[in-house]
Each structure stands twice: as C-alpha cells, then as structure tokens.
Amino acid sequence: MVGIKLLIIGIFTINFYGCVSSAYKIPTPYVNENFENSFIKKTIDIHTQNNKTYIPTPKDEVIYYIDMGMLHHYAGNYTLSNELLSKAEIAIENNFTKSLTQYGTSLILDDRALNYYGEDYEDIYLNVFKSLNYFKLNNFEAAGVEIRRVNEKLILLQDKYNKLANEMNNSRDAKKIKRSFKTSSIKFHNSALSRYLSSIYYCYEKKYDDARIDIQHLYKAFKQQSKMYGFSIPQSIFSKYECLVENEPEICLKSKKSANIHVISFTGRLPEKKIKTYWIITKKKLYLYCKKKEWIWKN
C-alpha cells in the first residue's frame, strides 16, 4: 500500500510541474546576434529553448506570436509564420477591446497591468508579412487580401483612438477632474509600401487596371504624406505614374521582353521600449511627482 501511495504522489508531482508556465522571455542579445548574422534556424532553436516553459497568456502573447511569426518568416516556414501572426492579430484585437473597459474604470493604470495589445505599427506590419508569406505560398488572392488590410487598418486608426478617448472621458477619474480627452487627427492613412506590393501582385496576375489604381495611390502617399517619407518617390514608380496619365495600363505595366525583378529589403529594428516609473502624490491645489528620484512641486 505504501508503494502505491508513493506512485500516486509521483504522478501528481509530474503533472503539476508539467503545467508550470513562466513569463515570456524576449530575445536575448545572443539570440539577436545570431539573427543579425542570418543564423535563423539557430536563432529559433535558442529562443524556443529559452521559452520552453512558456505558455501563451493574454498578458504577453502578442509579443510572443509576433516574434515567433517573424522568425519563421525569415526561416522560410511561411505557413507556420502565418499561423503565428494570425494569432497575434486576434490577440491584439481582443486585448485592445478589453483595455477599453479597463480604462473606463480608471485613468491611472500601469501599462504593465494591461494585457499588451501591440503598437499600431506592429498590428499593421504583421499584415505585410502575412501577405509576403502567402505570395511565397503562391496564394495570390490571400496575399492581396492581407495587403489591403494594411490600408483598412490605417483608415480605422482615427476611430480606434476616438473610441479610446471616449472610454477615458467616461471613466470615474475623468468625471472627478472634469477634464476631457481629445485625439489629434491621424496623419498617416496611406501606406506606400502596401500600395507598392499590391501593384506588384496585380501586375503578376495581369490585372493592370487594378495595379494602375495602386500606383496612383502610391503617388498620393508621397505627395500628401511628405513628412512620413524622408526621400523622394523612386524614379521607376514616378515614370509609371506619368505613363499612366496618358496611356492604357497595359502599355505602361506589362513586361516587355524581359522579366521585372523587384528587390525588397527591410532594414533596422523596432523601437526599444524602456520602463520609466513616475510617482504621483496629489493634494488639494497641489500635486507632486517624482522623476528619476528628483521631487518636483507644483501649485
């Protein structure tokens, strides 16, 4: 009987430890170094090993799915990459919706207390890479759907932040201080990258009139959002735009004797986030806040 009891305890112990999950560990400097040196498989192996006990949770699953989705994109595992990036996209939407309720309860929230719902550029660029994945999988229709999602999301950004401001204005804290929050107008609403990729897809499928529309939007993106782009519109694209003004799309966009080669490269890294803590003490007609251990008083 003693032996049976020990065996049962041992089984429960194994199951218990098998369910323990740690927080997501972001890529270490060693992981980043391997990635930058194009050792993609090694990067995935090390990063996966570093997170072998991690089970995705709403707290940090967006970061995990995006990191793993991007790594598998560069490894050429396009189907798996899309599965991971799709999970990130769903988590972003779910977590943002939940954050509206949390802001409606209180304005003063530590960002770390919220489920991470991603930055706008993360939400938008994941569709770019899902599109490239589908293109590599020869699913051109799905590639086009994903690239169109980029500009759909840009158009909806204003509504997104108006909704967030509305929830803040309805919170208990906002009603106490009798202040209202307003959103500034969104300046970026047309992605030159998505228009460029979309025009390539349409030309590949010989849908030249659709490609013409994207090239016209691409031209407008540079003209109307000059602050977003620190360079002029590429001459090859401008030449196509000028040609389309006076000619049929097929004349300007159809490949002649030789094939067109489009080289696309992504450079640089995402902005690095650093935690800063501010302590606030409030009294009637007086508030104090601490920044870097230095106290500041204001009446």
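Taking a straight line from the alpha carbon of Lys41, these aspartates and glutamates sit under 15 Å away, with near neighbours fewer than eight places off in the same chain left out: Glu33, Asp67. As a proxy for reagent exposure, Lys256, Lys163 were ordered by neighbouring Cβ count within 10 angstrom, fewest first; the result is Lys256, Lys163.
The H on the amide N of Tyr54, modeled in the peptide plane, is under 5 Å from the matching H of Ser22, each at least 5 residues off or on a different chain. Here the gap between Arg269 and Ile155, fully extended at 0.36 nm per residue and compared with their Cα-Cα distance, gives a gain of 38.5 nm.
Annotation: aspartates and glutamates with alpha-carbon distance below 12 angstrom to Lys240 (same-chain offsets under eight excluded): Asp214, Glu248, Glu250. Straightening the chain between Gln216 and Glu141 buys 24.9 nm, computed as 0.36 nm per residue apart minus the Cα-Cα spacing. Neighbour counts of other Cβ atoms within 10 Å put Glu119, Glu167 in the fewest-to-most order Glu119, Glu167.
Each reported figure results from applying straightforward, stated rules to the coordinates on display, with no laboratory input. What you are looking at is a predicted structure, and each value in this text was computed from that prediction instead of being measured. Every residue, glycine among them, receives a Cβ derived from its backbone with ideal geometry; neighbour counts consider all protein chains shown.
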